[in-house]
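The values are calculated or read from the model by the stated rules, or taken from the named source; none is laboratory data. These figures come from a predicted structure and were not determined experimentally. Ideal geometry is used to build each Cβ from the backbone, glycine not excepted, and the neighbour counts take in all protein chains shown.
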């Protein structure tokens, strides 16, 4: 650019030598000369001032097509561009081009070069459409002037590729760049170092935009090696490439590698201590923020965000690299984690900083406020969302922004989202159509917005319009990003809904098959590096896709879709649970010292975290945050190790035919499914269906059952299903359950009966609220279901494909007759501690008064009876009673647990009545009721538990408190235990989460490595529970297999207590 400018100056002065000066002319000449001198000495501010004066005079005394005016305008524009004052540079450069064209024609180097500079000005102003036109015009001229094999044309193509990269048109960018690079590579006069720089500066970001992260990484590593060989490592270029590599590692999920290279880059920048590198160092910090946020290390994430904030001053001219950017990044990452409270906090800080640095009229303010409105929308704070959306839109108008402006359009689009929530679809459509008209079809944002518009058309029952828009958008998204991109999958799912609305079921099936396979690929990718919490978030998104496919089949059953839906259920059923178990169990099986140490560190820190949380003391908050960070970091390392060692983390080969092939002629597999009904209309309906597989099935069959609200009504108008059976306290009530259990039979089982002729064994896997139903006690007339069928409950009917365990009673530990009171000297107990605490727990146990857990004499006689049976059979056994049955002993079983563990005690489960509840910092046992983690709201009671239950803290000088939660159990190693029998209240209950089933004690013991469990669905009567257990063990020890022993006990008890299922039907075996 400097060379071109000097050429123009030389031309100009050769003309001046023959001119007759006037006063204005002399002033213009003086300013021009001074500007040239300042430019030569790189005093750009003074040069710009001088050329500004020269330009103003030139406009008065010269024609636009004169050499004098053209040279002045061109020189002034070039200097402004170098000062990044592109708004001011646009007018003089446009006028200079008019002069160049008139004086020298279009087919010359100077004219083409000026077009390129003008295109760069348009890019800086984000006017990409005009920039593209100028680049193309310039390249066409360069091709004519120099030929299509000349390096000038090749350089022009790389400039155009940069524009396409900037606008997100990555496929076009790659094609254009490769064309340009091929020309430059073959031009003998083009410097090879410059060629490499063009490759290294452009290819990685284009590959990243296309989702080809491994290709981008390869180029960046090649670039890093080039810099190292030619310039060494202690320079900003080397650090910049390290930062880029770190960013790719973050996107690939290699967080350990990302952390290493990013910290190295930061060290180099910090040692260079050059303020010109502040922006680059800020980028490094931003990737570190992303890295640590992904690994849930929020303390470090905020630390590096704070370091980034320290790099810059808050002033209007520096907003784009100010601390505001870091808070925006943190808000975006928190958004990804669906932590909207934190999103709100960060956006509020960014808004306040923007106001304080640039005032209420800052051009970036409307967008920040508008994004805050979307945060409130996701928090279901509709009034707040509407308030801030309107405020943002009005601010954009007050700033005289128009529909041509991106910020204005974003504010209007977000306001439209509020209208959609309010079901004001017509107005939303009008708004989105107006913003869409201003977008360029050549760029991705147009097609994303078209998909948004199509989705609103769907809600407004305009399915044909939606389908047309979606079909076009999908083709374009596929061209831009490829089929593997999540945006493509989302758009395809929307098209599926539109086609369903139009009853185009042939097209629906084709697209469902494609979307289903792509979704499973995304599942593999996400599960290869995420923590369990992130997996839960992603799994919910996957289930939403699968809900669409089940909804379609619900309305119009088709064999192929039935198979897809059933096999999806097999994949997702307990996926998180199985993944969590596999990671530690399979890695432990490698028996490598370093890996074993990592596993032990993970378990030890997780257990320590739980013990600190039990203390429920604010002074430990910092320690808890540190421990959470450590646990999440260790989990990430284990997951990555697992995926490095075991290449197929998720089994997608779960074919229904494998289940069929395991069945006998008199057997059936029933996989229950619960799904949210999704259609083009907004609905909150949830339905249940059953998939039926028999030995002679050509295809699985799906049977529609009921809407969830109908089942909820049968639960005695209560969200707690135990009330269906009306049992409380230690004595069972003689309440006739025939009516309720008969209604449940009609709702759940009656629709299946036609498929169960000549069936003896029923393998079934419940889902949703069916986890809380005792299938054995469903009643048709006077006949219990257990009398008609051998019911075998499984977590998933696909478990049939594995050999179901035939367990033998050996190496048994019996726990019962526990002393729940803790004896302590009177003076140690504070007056406040001795005051009863108001608890909402009275009806949760076998026997309880005065808000404490009472001794259960039936549990002692129960374990003693079983002990005698075991003694007669010469079975290896042990028994814990009284104060010996303590939490410390139980936890010491980890890694050396018995084959059979029988626990007869109090159990508790609290429903999550407030889904947004967080742990209370109060010293009462109400903690167990309000904890946000469902595994902390259910547990078992051991000796001395009453002290902690009343006082909210451990007994003096005691490490444990006698209350063991499901969360604590999940950290133990019970992999040597074949079965756990929980002879306690409500041990089968817990929060129910989609395909993962029950988050309670059953999940905890499964995570601990236990294969089989016997648990209860409601409060169990003390006397009859002991009777049930004694009968069960008698059958089992008598030679019956474990399932026969369980069923025969149910048959015996159901015959004895014909009208009282609460006395025998609470227990389930699975």
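So if I check each of 84, 23, 109, which one is at positive phi and at pLDDT below 90?
None of the other options fit; the residue is 84.
Given the conditions (1) surrounded by 15 or more Cβ atoms within 10 Å (Cβ to Cβ); (2) at pLDDT 70 or above; (3) under 31 Å from the mean Cα position of the chain (by Cα), which single one is not true for residue 683?
(1)
If you go through segment 1011-1023, how many residues are assigned to a loop (DSSP other than H, G, I, E, B) and surrounded by fewer than 22 Cβ atoms within 10 Å (Cβ to Cβ)?
Here the count works out to 1.
Residue 342: on the phi > 0 side of the Ramachandran plot and touching a residue at least 12 places away in the same chain (Cβ under 8 Å), yes or no?
Spelling it out, it is not the case that residue 342 is on the phi > 0 side of the Ramachandran plot and touching a residue at least 12 places away in the same chain (Cβ under 8 Å).
From 761, 780, grab the single residue that is closer than 23 Å to residue 702 by Cα and either surrounded by 19 or more Cβ atoms within 10 Å (Cβ to Cβ) or out of contact with any strand residue (DSSP E or B) (no Cβ under 7 Å at 6 or more places or on another chain) (or both).
780
With respect to the numbered conditions (1) surrounded by fewer than 20 Cβ atoms within 10 Å (Cβ to Cβ); (2) in contact with a helix residue (DSSP H, G or I) (Cβ under 6 Å, 6 or more places away or on another chain); (3) within 23 Å of residue 439 (Cα to Cα), which one is the sole condition not fulfilled by residue 502?
(3)
Restricting to segment 28-43, count the residues that are within 54 Å of the chain's Cα centre (by Cα) and surrounded by 17 or more Cβ atoms within 10 Å (Cβ to Cβ).
1
With 278, 267 as the choices, which residue is over 28 Å from residue 177 (Cα atoms), touching a residue at least 40 places away in the same chain (Cβ under 8 Å) and in a helix (DSSP H, G or I)?
The match here is 278.
(1) over 42 Å from the mean Cα position of the chain (by Cα); (2) part of a loop (DSSP other than H, G, I, E, B); (3) farther than 19 Å from residue 1050 by Cβ; (4) modelled with pLDDT of 65 or more: which one isn't true of residue 836, the others all being true?
Answer for residue 836: the failing condition is (4).
Residue by residue through segment 943-971, note down the ones that are closer than 21 Å to residue 883 by Cβ and part of a loop (DSSP other than H, G, I, E, B).
Result: 943, 944, 953, 954, 955, 956, 957, 958, 959, 960, 961, 962.
Determine whether segment 68-83 contains at least one residue that is surrounded by fewer than 17 Cβ atoms within 10 Å (Cβ to Cβ) and either outside any helix (DSSP H, G or I) or more than 52 Å from the chain's Cα centre (by Cα) (or both).
yes
Filter segment 475-506 for residues that are farther than 19 Å from residue 553 by Cα and outside any helix (DSSP H, G or I) and give the result.
482, 483, 484, 485
In segment 157-187, which residues are part of a loop (DSSP other than H, G, I, E, B) and more than 35 Å from the chain's Cα centre (by Cα)?
Once the filter is applied, which keeps residues that are part of a loop (DSSP other than H, G, I, E, B) and more than 35 Å from the chain's Cα centre (by Cα), segment 157-187 yields only 187.
What tally of residues in segment 474-484 results from selecting those that are modelled with pLDDT under 90 and under 11 Å from residue 448 (Cα atoms)?
Final tally of qualifying residues: 2.
Inspect all residues belonging to segment 666-679 and state whether any of them is outside any strand (DSSP E or B), surrounded by fewer than 19 Cβ atoms within 10 Å (Cβ to Cβ) and over 29 Å from the mean Cα position of the chain (by Cα).
Yes, segment 666-679 contains at least one residue that is outside any strand (DSSP E or B), surrounded by fewer than 19 Cβ atoms within 10 Å (Cβ to Cβ) and over 29 Å from the mean Cα position of the chain (by Cα).
Condition first: surrounded by fewer than 21 Cβ atoms within 10 Å (Cβ to Cβ), within 20 Å of residue 86 (Cα to Cα) and touching a residue at least 60 places away in the same chain (Cβ under 8 Å). Can you find one or more residues in segment 129-137 that meet it?
yes
For every residue, the table says whether it meets (1) part of a loop (DSSP other than H, G, I, E, B); (2) under 39 Å from the mean Cα position of the chain (by Cα); (3) in the same structural domain as residue 872 (by TED's automatic domain parsing).
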site: 758; (1), (2), (3): yes, no, no
site: 763; (1), (2), (3): no, yes, no
site: 769; (1), (2), (3): no, yes, no
site: 787; (1), (2), (3): no, no, no
site: 791; (1), (2), (3): no, yes, no
site: 795; (1), (2), (3): yes, yes, no
site: 807; (1), (2), (3): yes, no, no
site: 817; (1), (2), (3): no, no, yes
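Only one residue in 582, 596, 600 is surrounded by fewer than 20 Cβ atoms within 10 Å (Cβ to Cβ), in a helix (DSSP H, G or I) and modelled with pLDDT under 70. Which one?
It is 582.
If residue 190 meets every condition in (1) within 16 Å of residue 261 (Cα to Cα); (2) assigned to a loop (DSSP other than H, G, I, E, B) apart from one, which number is that one?
Only one criterion is unmet by residue 190, namely (1).
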